[in-house]
Amino acid sequence: MCSDKLISSALLFLTICSCSSVRTMQRITSGEVRMEISVPYEKPLDEGVDKEVRIDSIRRELSGEPFIMNAIRDAETGEMVATDVISAATVVARFRNVAERGGTVSIGFDVRVPDEMASSSWQLKLFPLMRIQDDTLRLDPVFITGEGYRKGQLKGYQRYRDFLASIITDTTDLIRVGQLEIFMQRNFPETYAMKTDSSLVSEPMAENLFGVTQAEALRHYTKSMKMFFNEKKKARADLMYEKYVKDPIVTEGIRLDTVLTSSDGDFIYRYTQSFRSRPGLKKVMVDLEGEIYEDGVSICSLPFPEELTFYISSLSTMADMTPKYRMVVLERNVYDNTKALIDFEKGSHRLDSSLSDNASEMARILRCIDDVVSLPGYVLDSLIVNASCSPEGTYDHNRLLASARSESMKEYIWTHIPDQWQTKVKTSSVPENWEQFRKLVANDTIIGNDSRQRILALTENLMDPDKTESGLSGMAEYRYLREKIYPQLRSVSFDFYLHRPGMQKDTLHTTELDEVYMSGLAALADLDYKTAVEKLRPYRDYNAALAFMAAGYDHSALDVLNGLEDGDARVCYLKALVLSRLGVIEEAVRYYELSLTYDPYLEHRANLDPEMSEIINKTNPN
């Protein structure tokens with residue numbers, strides 16, 4: 001009789017629980033009970049509006065029992081802190097202004113789950129979604145696991161471990177060892193005597209008089225059926241994992257997995273996320289998806305909460321994009337030159353492209369000529385080809401040789417340029433390039449100082465170049481001079497003379513867009529603050545200060561701002577902001593009020609900038 005009453009009571013209890021779960025599910029699917037996301041309320045809470053919240057977190061290892069603790073997640077550090085209860089006010093806000101700093105934006109929002117959703121047999125999987133411009137990003141999920149659900153997960157792991165433990169790993173368990181030893185002792189006494197020896201016994205030796213081998217004896221005494229079923233177990237290991245562990249415990253790629261040991265209050269989690277901002281980013285939206293799981297199976301999709309909007313306040317939007325021009329002095333006549341190291345056979349003026357680097361040097365010269373004569377707004381007046389020789393041989397011979405080499409180079413150029421340019425190519429020559437010789441010797445790092453001074457003294461007076469070269473030939477350093485210095489004197493230079501057609505004066509002052517400055521502004525707009533600082537630093541103006549502040553160089557920004565006029569509203573605003581960052585609040589308030597005097601609209605800008613909140617509160621305490 002008592003047994004019947006107990007059974008009836010149990011059935012009644014299960015019926016009540018089942019009805020309760022059904023009603024809860026109906027209220028969830030209808031939206032009557034729903035999770036929420038909201039912007040954190042940052043002001044101190046008033047007494048009497050708190051709500052008891054209990055969050056239990058779990059630390060566990062699969063090999064042991066779960067360790068359950070009461071804890072809350074600290075809003076400042078994001079760490080779980082042990083506690084019994086937490087008081088929090090339900091203040092729901094749907095938007096917030098956040099500041100972009102150094103190209104990074106950090107947002108925070110609270111995820112609130114009603115206590116009615118905290119069933120012991122359920123697991124809630126919540127997936128925050130963040131929409132940035134045209135992209136939707138799925139953030140790390142938050143799992144809220146009921147105590148019973150987690151016990152079921154751990155039970156599944158334990159059943160799987162029990163299954164693995166049932167697989168025989170010691171092969172002696174699959175052999176009738178006693179009977180095998182008796183057989184070996186009778187039929188293979190020599191082998192049996194080596195029972196504890198690891199020496200290898202060849203197969204012919206391991207055969208008795210009846211032709212039975214040891215391998216055959218081993219197979220005979222093996223428990224074949226037991227081995228067969230053991231191998232089947234091994235093959236089914238993966239299938240058994242899926243059977244027992246229906247919902248594996250996730251350890252990576254999640255933000256939080258907590259186990260609720262009771263449902264005596266709403267669950268609240270402070271979710272923070274940092275991300276790189278993007279050019280032109282004005283706002284990001286956050287909403288939440290979720291599902292309820294029971295026994296590893298999704299039984300309900302949670303209604304979506306109303307989305308949150310975070311408005312991004314970026315200093316880059318305060319940049320002054322007015323084009324900047326710089327003064328340029330234009331000369332009517334323009335000069336340019338280049339040099340090529342053209343090698344000639346000793347005593348020869350014939351141009352040979354196969355010698356040394358002649359081919360690449362000659363090709364480079366042709367490209368240079370084409371670039372110069374193709375410059376827009378310029379007309380080529382003349383191109384002077386000037387060849388020089390080294391001091392070997394007589395000065396008269398080198399004069400003729402240098403002139404002939406200039407003519408050879410001119411003829412080569414003629415074959416590669418349009419006919420209308422040919423009359424503009426002229427020749428000149430330097431028989432022996434002593435000026436270049438002295439420069440090379442003075443800058444050479446191999447020649448000793450004493451030798452350098454003697455060589456320079458000898459070549460200072462060139463009344464008789466042949467006598468000077470003869471004097472050099474008597475020095476110990478002459479071989480080095482001939483091998484290393486002289487070849488650099490056998491060169492051909494090219495002097496370009498151009499003019500601007502239609503320009504009457506020799507010089508003209510004009511302005512042109514400052515490309516460096518504008519590239520700095522472009523970098524500022526693209527949130528590339530490192531490049532913006534590099535480009536704008538030399539200008540030390542408003543935009544340079546803005547770049548410093550955006551990059552986080554507040555002291556450098558203040559130094560630039562102190563050099564600017566306080567009569568500019570934007571300068572005063574930036575000073576207020578940077579002083580606030582540096583903790584000089586009273587001075588920051590003064591500059592903020594001054595900026596509003598010049599431009600009242602900046603109050604609207606300040607209200608959108610969370611960094612200005614402390615200044616605004618001091619300016620308008622009510």
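For the reader, a short list of remarks on this structure follows.
- Selected residue (criterion: modelled with the lowest pLDDT) from residues of segment 128-147 that are surrounded by fewer than 17 Cβ atoms within 10 Å (Cβ to Cβ) and not acidic (Asp, Glu): Gln133
- Going through (1) part of a helix (DSSP H, G or I); (2) closer than 30 Å to Glu392 by Cα one by one, Ser493 falls short only on (1).
- Filter result (out of contact with any strand residue (DSSP E or B) (no Cβ under 9 Å at 6 or more places or on another chain) and in a strand (DSSP E or B)) within segment 116-156: Asp135
- Pairs are defined by a Cβ separation below 7 Å, a sequence spacing of at least 6 or placement on different chains, a first member in segment 382-398 that is over 11 Å from Arg490 (Cα atoms), and a second member that is polar (S, T, N, Q) and open to solvent by 50 Å² or more (accessible area, probe 1.4 Å); the pairs so defined are Val385/Thr427.
- Scanning segment 255-272 for residues that are within 25 Å of the chain's Cα centre (by Cα) and open to solvent by 40 Å² or more (accessible area, probe 1.4 Å) gives Arg255, Thr272.
- Breaking point among (1) closer than 30 Å to Asp568 by Cβ; (2) surrounded by 15 or more Cβ atoms within 10 Å (Cβ to Cβ); (3) small (Gly, Ala, Ser), for Gly290: (1)
- Applying a threshold of 7 Å to beta carbon distances and a minimum spacing of six or more residues, or different chains, the list of pairs starting in segment 562-581 at a residue that is closer than 15 Å to Leu602 by Cβ and ending at one that is of a type outside the set (Val, Ile, Thr) and part of a loop (DSSP other than H, G, I, E, B) reads Ala569/Asp599; Val571/Leu564; Val571/Glu565; Cys572/Asp566.
- Residues in segment 575-603 that are closer than 16 Å to Leu558 by Cβ and over 38 Å from the mean Cα position of the chain (by Cα): Glu586, Arg590, Leu594.
- Leu355 meets all of the listed conditions (1) surrounded by fewer than 16 Cβ atoms within 10 Å (Cβ to Cβ); (2) in a helix (DSSP H, G or I) but one, namely (2).
- So Leu582, is it modelled with pLDDT under 95 and buried (at least 17 other Cβ atoms within 10 Å of the Cβ): no
- Given (1) open to solvent by 30 Å² or more (accessible area, probe 1.4 Å); (2) touching a residue at least 60 places away in the same chain (Cβ under 8 Å); (3) of a type in the set (A, V, I, L, M); (4) not in a loop (DSSP other than H, G, I, E, B), index of the condition Ala363 fails: (2)
- Restricting segment 366-397 to residues that are in contact with a strand residue (DSSP E or B) (Cβ under 9 Å, 6 or more places away or on another chain) and within 22 Å of Tyr486 (Cα to Cα), the residue that is most open to solvent (accessible area, probe 1.4 Å): Asn386
- Members of segment 335-352 that are open to solvent by less than 40 Å² (accessible area, probe 1.4 Å) and either within 46 Å of the chain's Cα centre (by Cα) or among the small types (Gly, Ala, Ser) (or both): Thr338, Ala340, Ser348
- Asp554 being closer than 20 Å to Lys324 by Cβ, surrounded by 15 or more Cβ atoms within 10 Å (Cβ to Cβ) and either modelled with pLDDT of 95 or more or among the charged types (D, E, K, R) (or both): no
- Test: residue in segment 306-319 that is assigned to a strand (DSSP E or B), over 30 Å from Ser120 (Cα atoms) and open to solvent by 50 Å² or more (accessible area, probe 1.4 Å): yes
The values are calculated or read from the model by the stated rules, or taken from the named source; none is laboratory data. Because the structure is predicted, anything quoted here is derived from the model rather than measured. All Cβ positions, even for glycine, are placed from backbone atoms using ideal geometry, and neighbour counts span all protein chains on display. Just the protein is used for accessible areas: all its heavy atoms, side chains included, with ligands, DNA and RNA removed. Shrake-Rupley method; radii C 1.70, N 1.55, O 1.52, S 1.80 Å.
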